[in-house]
Amino acid sequence: MKPSKRKYVPAKPRTLKWNASVQLLLCSGMIYSSILHAQPNTQDIPLLAAEDEPRKVSSWSLFSSSEKPKSAELRGTFGEYRQIAEQAQKLSPAQKVAVKETIKPAELSSTRAYAARQTQAYRQDGERGEAGSKALRVILAGALKQAIERSPTLKQASAELGAANADVREAEGQRWPQIDVSANSRSKSFGRNSNPVSQTVNLNMTTTVYDWGRTEKTIDSRKELGTAAIQKYMANVEVLAQDVASTLLEKEKASRISTINQQYVERMKRLVDMLGDIVVTDTGRASELVQARARLMDAEASRDTWQARERDAEIKLRKLIGTNTIRIPQNIKVALPDIELNKLLLSAQNHPVLLQAEAEAKASRLHAESLRAAEKPQINWVVTKSTGKDDFGREDPWQTMVTVSWPIFRGGAATAAREAALLRAEAELENKEQQQMDLEFEARAAVQDANTLLARADLYVGLIKETEKVKEAFFDQWYHLGRRTLLDVLIAESDYNNNRVNEVSYRFDSYLAVIKAYGSTGMLSRWLMDDMNKSER
């Protein structure tokens, strides 16, 4: 079967004309559509980043080059371009002029001023390292000195120390001869064979010859209590130093985070103002304005929270140092030295709390030994003199003698007192072991937290740079290209702000951990005060 051949039939002139008309119409539609997509928005409200300078953005004009003034550049998203272009095609030339007069470009003077302030703030942040950590330690030492002069707890510990020293002097006085003077008036006797006694003055001097070390043990016990009082005072100074340093750093942390949140609030306010002006023209974007307002209120709540924390720290600081003002300058780079765990644990052996418990245990043991010595015979030298006279008018002579006293039976009271003193010594030693264990693990945890938190803060530094680029890119893509939603922009802004807050929070938490590590080992006050003494020299 042979294949059939189709004959070529030339098109008629009328058909050719129809095809050409259709093609021309399609080309016109495509050109018109591209023109519509190239139309601009009637709003020009730039939103600047907190650290950015005002940037120039290229735009398409709604008017021709002959009609457009130099100050009336209009920019917006592609969705707004289409809506404004459709409206512009329906406007007469007179109406277009009216649009030109009513639509005003955004004033960039305030945005430039804001960007300049932010640039200056970041320049100050770059200069924080000039003063260094030494100046910070001098500030903390000055605050500690004021707190020491004010603290009622230290005044109480000082009074207890004075009482302990007085107890030592009282025990030492027992080694000297004990002189007693007594007197009596003339007596009145009743009954037969009663002899009245004339008025007399009696003098009695008693000197301990041998007491099995009772007096010496008592003196040593009182001295150990005095040492315990000194260590208690130093322990209170250490606690006070940790409270002052931690409160100052907490205040500085809250202040810096409040500043970051304030920048975030201003950023959200500008976004809300921009969307408010856009919604006046395009009511379909009211939902975006609601989202921006919600983020603004959230930013304000976070700022107020950290401001409240800053006020709480100020109140606590005022309780510690009074009305004196202690401020950490903004150009100080808050940095503390690296800590070595082995050196800290070695220094922890001399913590005032441990030395206090050890001294109290020694005092109790020595007191038990003095009680044991008091149960043995006591040898005293006695000298007496009385001015009384006998029946023949003769005055009594001076008398001297050696006496021996032996408390043989006291109903078990002496034994019980000695056992109680020994048990108190054992309890103090166990208390020392427990406190030493607590301080050791507290120092280990503080060192671990300091290293971990500081490393995490350093990681946030790089993350802040990346999220800053992301939020700028998202804003440009949303505002100029229409390829991002407002929710993406808000999430990027929130992530950037949260990363900045976390970086400051983790860094200051690491500083607080360093302070805690020094305080746990009893080195904080010496570290601060030695630096202050060197600066005063």
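Annotation for region 517-526: no member residue is among the aliphatic types (A, V, I, L, M), under 30 Å from A473 (Cα atoms) and part of a helix (DSSP H, G or I). Within region 248-264, the residues that satisfy the criterion of being open to solvent by less than 10 Å² (accessible area, probe 1.4 Å) and of a type in the set (A, V, I, L, M) are L248, L249, A254, I257.
Take region 398-425 and flag every residue that is open to solvent by 60 Å² or more (accessible area, probe 1.4 Å), farther than 19 Å from K376 by Cα and in contact (Cβ under 8 Å) with a residue 12 or more places away in the chain. Passing the criteria: W398, Q399, T400, M401, R424. Screening N324 on (1) assigned to a helix (DSSP H, G or I); (2) open to solvent by 40 Å² or more (accessible area, probe 1.4 Å) shows it passes everything except condition (1).
All told, N204 falls short of being polar (S, T, N, Q) and part of a helix (DSSP H, G or I). Inside region 443-483, can you point out the residues that are among the basic types (K, R) and buried (at least 18 other Cβ atoms within 10 Å of the Cβ)? K471, the sole residue that qualifies. Tell me whether region 179-188 contains one or more residues that are part of a helix (DSSP H, G or I) and charged (D, E, K, R). No, region 179-188 contains no residue that is part of a helix (DSSP H, G or I) and charged (D, E, K, R). Inspection of region 423-438 finds no residue satisfying the criterion of being within 29 Å of R507 (Cα to Cα), within 18 Å of the chain's Cα centre (by Cα) and not basic (K, R). In region 297-356, the qualifying residues are those that are under 19 Å from S258 (Cβ atoms) and touching a Gly at 6+ places or on another chain (Cβ under 8 Å), and the one that is modelled with the lowest pLDDT is I332.
One residue stands out among those in region 237-291 that are of a type in the set (S, T, Y) and within 22 Å of S494 (Cβ to Cβ): the one that is farthest from the chain's Cα centre (by Cα), which is S287. Here Y122 fulfils each of the conditions (1) modelled with pLDDT of 90 or more; (2) of a type outside the set (V, I, T); (3) farther than 30 Å from K232 by Cβ apart from (1). For region 376-397, filtering for residues that are acidic (D, E), in contact (Cβ under 8 Å) with a residue 40 or more places away in the chain and either touching an Asp or Glu at 6+ places or on another chain (Cβ under 6 Å) or open to solvent by less than 90 Å² (accessible area, probe 1.4 Å) (or both) leaves 0. Checking each residue in region 294-311 for being surrounded by fewer than 16 Cβ atoms within 10 Å (Cβ to Cβ) and either over 20 Å from the mean Cα position of the chain (by Cα) or in contact (Cβ under 8 Å) with a residue 40 or more places away in the chain (or both) picks out A294, M297, D298, A301. The one condition from (1) touching a helix residue (DSSP H, G or I) at 6+ places or on another chain (Cβ under 8 Å); (2) open to solvent by 60 Å² or more (accessible area, probe 1.4 Å) that Y210 does not meet is (1).
Take the residues in region 137-147 that are touching a helix residue (DSSP H, G or I) at 6+ places or on another chain (Cβ under 6 Å) and surrounded by fewer than 18 Cβ atoms within 10 Å (Cβ to Cβ); name whichever of them is modelled with the highest pLDDT. The extreme case among them is Q146.
The residue pairs whose first member lies in region 168-187 and is under 21 Å from V209 (Cβ atoms), whose second member is open to solvent by less than 60 Å² (accessible area, probe 1.4 Å) and charged (D, E, K, R), and whose beta carbons are closer than 9 Å, counting only pairs six or more residues apart or on different chains, are A171/D220.
The values are calculated or read from the model by the stated rules, or taken from the named source; none is laboratory data. The structure presented is a predicted model; accordingly, all values stated were derived computationally and were not measured. Positions of Cβ are backbone-derived with ideal geometry, glycine not excepted, and every protein chain shown enters the neighbour counts. SASA here: full protein model, heavy atoms, side chains in, ligands and nucleic acids out. Shrake-Rupley method; radii C 1.70, N 1.55, O 1.52, S 1.80 Å.
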